[in-house]
Amino acid sequence: MTSYYRPGSASEAVAILAANPGAMVIAGGTDLVIDRRLGRADPRAPLVDVTGINELRGVRWDGDELHLGATATISAIESDPAVIVRTSALAEAARVLGSVQIRNMATLGGNLCTASPAAEMVPPLMVHDAVAAIRGPAGERRQAVADVVTGPRTTILASGEILTNVRLRAPALSGSCYLRQTVRWAMDLAGVGVAAWVLTDGTGREAAVQEARVALGAVAPTAVLVPGLESLLAGAPPTTERLGAVSAAASAACEPISDTRGTAEHRRHVAGVLAARALSIAHARAAGLWSGGLAPVNGRASAVTSSGERA
Amino acid sequence: MRSDYAVVGKRIPKLDAPDKVTGRTVYADDLKLSGLLTAAIKRSPHPHARILSVDVSAAEALPGVYAVIHAGNVTQRPFGFGHDNTPLKDRVVRCVGDEVAAVAAVDAATAQRALDLISVDYELLPAVDDPFEALQPGAPRIHDELDIEGNVSMEWNFQTGDLAEAERRSAVIVSGSYSSPQAAPAPIETHVVIAGFDADGALEVISPVHMVFMYRKELADCLGLDWRRITVRQPPVGGSFGGKIDIDAHDFIAVMLARAARRPVKLAMSREEEFTGTRTRQPIHFQLRTGAAADGTLLFRHAEVVSDNGAYNAWGSHALLVAMNTVTSMYRVGTSRLNAKVVYTNKNYGGSVRGFGNPQATFAVEQQMEELADALGMDPMDLRLKNANRPGDVTPQGLEITSCGLSECLETVRRKSSWDQRRGRMRRQHRGLGAAAYVHVGGGARIYGSDGCGAMTKIDDSGRVALISGSSELGQGSETALAMIVAETLGVPLEAVSVSHDDTDVKPWDVGVHASRTTFVAGNAARMAAAKARDELLKGAAEVLDRPARSLTIRDGVISVPGEPTATLRYEKAVRRRLLREGSSIIMTSAFYDPPTQRQDENYVGNISASYGFGAHVVEVEVDPDTGMVRVLGLWAAHDVGRAINPMSCEGQIEGGAVMGVGLALSEELPVEDGRFPAPNLHDYGMPTAMDAPPIDVTLIETADELGPFGAKGIGEGGIILPPAAIANAVADAVGVRPRSYPIRPWKLRRWIETGERSHVDKRPQLVRDVNAR
Amino acid sequence: MRISITVNGDPVAQPVDPSDTLLSVLRERLHLIGTKWGCLTGDCGACTVIVDDRSVVSCLQTVGQIDGADITTIEGIAGRGRMMNDLQEAFVTHGAAQCGFCTPGMVVAAEQLLRDGVEPNGAAIREGLAGNLCRCTGYSKIIDAVLSVALARME
């Protein structure tokens, strides 16, 4: 029989972890259950189920600050009306993660802490400059999400620490977008996933970029922020030339591998393509020009199918 | 054409559907048996290695383990074409997944622990996973026990006509290379087999296999069993698509474990094992050339083919049989030549997967049709129609084309897709239309001495009509179609008919479910048996009604005399009148139908099927040229089904096949790295989801085949054959490059767009001018 | 540990290993074999059940996490005293089941999608059912069946 703990508070969880070296935290279980069955994780390791902890739950807005509990499900993020409008990249990433069933189970904290290079939620959190709260025996510390994942399947969480929440701000005149390239149109991991965020100085087509961030998933051991965007974009609207420069910067920021989801060369190219598209959509959102709801998954306005269904 | 049928041609829900939608259907893994043990297989992790030793002592000592077997402690004979395989490998493993040992234990956890305790020492051997490398001198020899050259397991060579002369006369010759991937049938239900001996030594196997009589014979031959004492029962099948067609190493292993353990055992494959240890669709590489005169008349086709067989010969080695038909007989092509080598490689080996070589061949043949048309300045549909097979044609391989709706299929999809208005005119939006058409066996396929199927009917005192058929239901709807054929033939309501087909002790012999043959062959057998029962019924009714039997008709269960409204008799009464009296008798009839076909001779000539199915698709795609992503926006399908016994089931076969074809075209692949599948799971494999499947418009073309039951022809495989070719053609229309291989994954397509990939088109202006001048 | 759950309206108390999956408890303990498995990785959806008004893949759901939950499987989807509900009838009449192995999971997923008020159009239903693989039908008839019920239930 597996040792199984279901703490009622974060501090209790931390205490249990301290008392059980090797214990693993389980939330949605959508990765861990598979890993235990296939022997990629120790099937006898004690489990600490954090889904019973109230303070870890929920999607909550406090003014322009978004508070995402570590055990907030992907479907809760996907369906939050304000997330869809104000932090669209998060909703767009949530919407394409697995299936309805998986999204009902999988959590934000799980997606972050599993630390897959292709983790869908990480690039959107990074462009939104999200900060993670981490609780451990020594108390709570805060860390930029961009610094939480350190490599494939590794994070800065020390043994005995748990993620409790992630917080970010969505100021007025900001907008974001997440796009990806996959082989299938659903139930697929990103070959390339790109999030963009833009803060403008006003509304309308000529609104200038004040700040911009682009993060790339599945093109390096961890998601990466594209450096140097301020100098390329700040002070003007994202013209075609400027977007071209963003593409080049994004491609240059990749350190991809070739695997069953794409060649390195292709990933590098597509990261550039999607960066420009995502940035353009994020700008449209920030500048109040977007009325299209969530973007098509590859950012390309799609045709209508032969029977009139939306493609 | 007759259309006043009472049952045939109606949209009838499948008889098994209510149980399936309520979760009541009991599949193999749902069965509970007393004393049932769990089996598990120790597989090779190496693509090619010598087995130095197998130590099972620790596994045998584990409490809860009932049997541990390996080649050293069982009796087994080779199986497979050319007898190149054994259930448990004794000297050499030739692919990852090769079966080395197996255990039967009290539960799955114990079985897994026992596997972990088996130690196998290997000496690694050089491996080759590319068939072109395997053909090179000095390549590793994969079967050094066989007397073969260069890892060539078999060759298929066909030639007719004067190729050099046809080339000289051609105004345009298109040549190119076309490849297909290793793919998987991937039914949602994995393979499950239950085997047990009764106390008297008779064997019962419960398995969702569907060439069940051959299965029984293979079991007996390999394991030295008395095949009269083997019963095979087939539970409902959770999908096969050819994957469960016949016997595999694990079937023998389950029986050997049951024999060793003296207990029944169940072997259920995990999904990872399903990909690694069961049969796949083998990659086939075509170098194809097609030549045509300036007016579009096809003059020749020449294919040089390498089939990547994998480690052993299962049915996949014979996919060239079908691929050859397409090269020589799709359209009126006349002069044709095919040279194919089936080459061993150190990989999971090919089986018989839906379409059986035809998607691969059609991908090459139909791309060249559109390339030829473009080079000649013709519309591809006009080129196809000009060369379309027609009733009465005999193809170079001796295929006798009887009913043939190919032209009507082409015209239908052309019209419905607005081909003439849209093809070639959507390049700016990166959208395109592409077409393809096929020929496939539709009236059985004589790959064995007999291509027959038996049927029996009985009518009991309640009026219940039982059809006992040799065939099997895989979900495709044959059970319902057969019941409809019986109801129509007998003139009784469909509710009165039941179908049994799941027990070799009870059912009459059949080759099995393959080659789209069941509606045609099993349907004819059922129709013949039912016709005899009808004669018996009317004979009995004639006595009661005092009219000659030939003057009677029966419809909806009422026997009547035309023109005499009062002279009627319910059919159940006619049965009871015969039964409930002295000197009684009941109605039991039987029939065996073997289609009037030939096995192909040593030159691959012979009319292998009693009829041929045809169909055409048009596919619309949208390409994102900067990411390489392809969206299928629509698919129009028209298929010559002869006669739709159950139109809803025909559509279901076509739609399901088409989406499997979309998967082949765009996403499904088992890439091999160092002889292994790095990702044997459904996350990476690329099976289409509901969001990948396009809306599909199906038109059933009815040509009333002379020999088919009520005119029906086979349709089980038609849907899957065309999407790879049609989607490649649509991509070419959308972005102007030629997909050389499928799946057309994003990075491949983007690369082709950058390099401007095209086939070689050899256009001879002199010949074009000459013909045009005439 | 011992869990108390409600399965198809029946209270069930079972001693379990909390790391057991709901799938194994349903199939092996409760003999509710209508719930199928096809991958054990959450990719095929054949094992879909409803846990407290959310569809989940039972192959990845550990039972330790669902003490007290209300679970509906294919066996309970029609409700007590009914053989089939309107959705199941629509699957039958539209020809939406072939081999039937994906069907229980598909029906359960579609039922929850309908209860969640899916937009009555093909695209929305396709997106909602993308986690349920069907190898037989090509999805067309499944989408038609679900769409017909979505429209009928709106009336």
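Descriptive notes on the structure:
- One residue stands out in the stretch B:697-726 among those that are more than 21 Å from the chain's Cα centre (by Cα) and within 14 Å of chain A (Cβ to nearest Cβ): the one that is least open to solvent (accessible area, probe 1.4 Å), namely B:T699.
- Within the stretch C:67-89, being open to solvent by less than 10 Å² (accessible area, probe 1.4 Å) and in contact (Cβ under 8 Å) with a residue 60 or more places away in the chain holds for C:A69, C:I71, C:T73, C:L87.
- Single condition B:N607 does not satisfy, out of (1) within 27 Å of B:L385 (Cα to Cα); (2) part of a helix (DSSP H, G or I); (3) not aliphatic (A, V, I, L, M): (2)
- Check on C:Q88, within 11 Å of chain A (Cβ to nearest Cβ), part of a helix (DSSP H, G or I), farther than 14 Å from B:M691 by Cβ and of a type in the set (S, T, N, Q): no
- Residue in the stretch A:249-268 that is assigned to a helix (DSSP H, G or I), within 14 Å of another protein chain (Cβ to nearest Cβ) and open to solvent by 30 Å² or more (accessible area, probe 1.4 Å) present: yes
- Here A:G58 fulfils each of the conditions (1) in contact (Cβ under 8 Å) with a residue 24 or more places away in the chain; (2) more than 14 Å from every other protein chain (Cβ to nearest Cβ) apart from (1).
- Among the residues making up the stretch A:57-82, those that are in a helix (DSSP H, G or I) and buried (at least 24 other Cβ atoms within 10 Å of the Cβ) are A:I74, A:I77.
- Some residue of the stretch A:282-296 being at pLDDT 95 or above, within 13 Å of chain B (Cβ to nearest Cβ) and open to solvent by less than 40 Å² (accessible area, probe 1.4 Å): no
- Neighbours by Cβ (under 7 Å, 6+ apart or cross-chain): first from the stretch B:60-86, more than 15 Å from B:Y349 (Cβ to Cβ); second crowded, with 16+ Cβ neighbours inside 10 Å and basic (K, R): B:L62/B:R113; B:Y66/B:R263; B:A71/B:K89
- Conditions (1) within 15 Å of the chain's Cα centre (by Cα); (2) assigned to a loop (DSSP other than H, G, I, E, B); number of the one not met by A:L179: (2)
Table: residues versus (1) closer than 23 Å to B:F677 by Cβ; (2) within 21 Å of the chain's Cα centre (by Cα); (3) of a type in the set (S, T, Y).
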| residue | (1), (2), (3) |
| --- | --- |
| B:E274 | yes, yes, no |
| B:V306 | yes, yes, no |
| B:L321 | no, yes, no |
| B:T326 | no, yes, yes |
| B:G334 | no, no, no |
| B:L338 | no, no, no |
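- Residue list for the stretch B:50-65, restricted to those being closer than 13 Å to B:A104 by Cα and in a helix (DSSP H, G or I): B:A59, B:E60, B:A61
- At least 1 residues being more than 17 Å from B:G442 (Cβ to Cβ), of a type outside the set (D, E, K, R) and touching a residue at least 24 places away in the same chain (Cβ under 8 Å) is the threshold, and among the helices (runs of 4 or more DSSP H) wholly inside the stretch B:640-729 those reaching it are B:647-666, B:682-685.
- Qualifying residue in the stretch B:181-195 (condition: in a strand (DSSP E or B) and either modelled with pLDDT under 95 or aromatic (F, W, Y) (or both)): no
- Reported count of residues in the stretch B:547-599, each being open to solvent by less than 30 Å² (accessible area, probe 1.4 Å), in contact with a strand residue (DSSP E or B) (Cβ under 8 Å, 6 or more places away or on another chain) and β-branched (V, I, T), is 6.
- Strands (runs of 3 or more DSSP E) enclosed by the stretch B:432-521 - at least 3 residues per element that are touching a residue at least 40 places away in the same chain (Cβ under 8 Å) and of a type outside the set (G, A, S): B:453-459, B:465-469
- Which listed residue, of B:A220, B:A195, B:A202, is under 25 Å from B:R271 (Cα atoms), open to solvent by less than 30 Å² (accessible area, probe 1.4 Å) and not β-branched (V, I, T): B:A195
- Of residues in the stretch C:11-23 being in contact with a Ser or Thr (Cβ under 9 Å, 6 or more places away or on another chain) and surrounded by fewer than 18 Cβ atoms within 10 Å (Cβ to Cβ), the one farthest from the other protein chains (Cβ to nearest Cβ): C:P11
- Summed over the stretch B:184-202, residues that are more than 14 Å from chain C (Cβ to nearest Cβ) and either in contact with a helix residue (DSSP H, G or I) (Cβ under 9 Å, 6 or more places away or on another chain) or of a type in the set (D, E, K, R) (or both) total 9.
- When we screen B:Y604, B:Y612 for residues that are open to solvent by 20 Å² or more (accessible area, probe 1.4 Å), at pLDDT 95 or above and either of a type in the set (D, E) or not assigned by TED's automatic domain parsing to the domain that holds B:G97 (or both), the only hit is B:Y604.
- If you filter the stretch C:136-155 down to residues that are away from chain A (no Cβ under 12 Å) and under 17 Å from the mean Cα position of the chain (by Cα), you find that the one that is surrounded by the most Cβ atoms within 10 Å (Cβ to Cβ) is C:V146.
- Subset of the stretch B:93-128 (residues that are out of contact with any Pro (no Cβ under 7 Å at 6 or more places or on another chain), closer than 23 Å to B:D308 by Cα and open to solvent by less than 10 Å² (accessible area, probe 1.4 Å)): B:V93, B:G97, B:D98
- Looking across the stretch A:18-38, just one residue is away from every other protein chain (no Cβ under 12 Å), part of a helix (DSSP H, G or I) and either without any contact (Cβ under 8 Å) to a residue 12 or more places away in the chain or touching a Leu at 6+ places or on another chain (Cβ under 9 Å) (or both), and that is A:A19.
- Residue satisfying all of: in the stretch A:127-146; open to solvent by 10 Å² or more (accessible area, probe 1.4 Å) and among the hydrophobic types (A, V, I, L, M, F, W, C); nearest to A:V85 (Cα to Cα) among these: A:V131
- Scanning the stretch A:17-44 for residues that are buried (at least 18 other Cβ atoms within 10 Å of the Cβ) and aliphatic (A, V, I, L, M) gives A:L17, A:A23, A:V25, A:I26, A:A27, A:L32, A:V33, A:I34.
- Scanning the stretch C:24-45 for residues that are more than 12 Å from chain B (Cβ to nearest Cβ) and crowded, with 22+ Cβ neighbours inside 10 Å gives a single hit, C:V25.
- Flag not set for A:L216, criterion: among the hydrophobic types (A, V, I, L, M, F, W, C), more than 19 Å from the chain's Cα centre (by Cα) and open to solvent by less than 60 Å² (accessible area, probe 1.4 Å).
- Only one of B:L372, B:L385, B:L433 that is open to solvent by 20 Å² or more (accessible area, probe 1.4 Å) and within 20 Å of B:A726 (Cβ to Cβ): B:L385
The values are calculated or read from the model by the stated rules, or taken from the named source; none is laboratory data. Bear in mind the structure is a predicted one, so any value in this text is a computation, not a measurement. All Cβ positions, even for glycine, are placed from backbone atoms using ideal geometry, and neighbour counts span all protein chains on display. Surface accessibility is based on the protein's heavy atoms, side chains included, excluding ligands, DNA and RNA. Shrake-Rupley method; radii C 1.70, N 1.55, O 1.52, S 1.80 Å.
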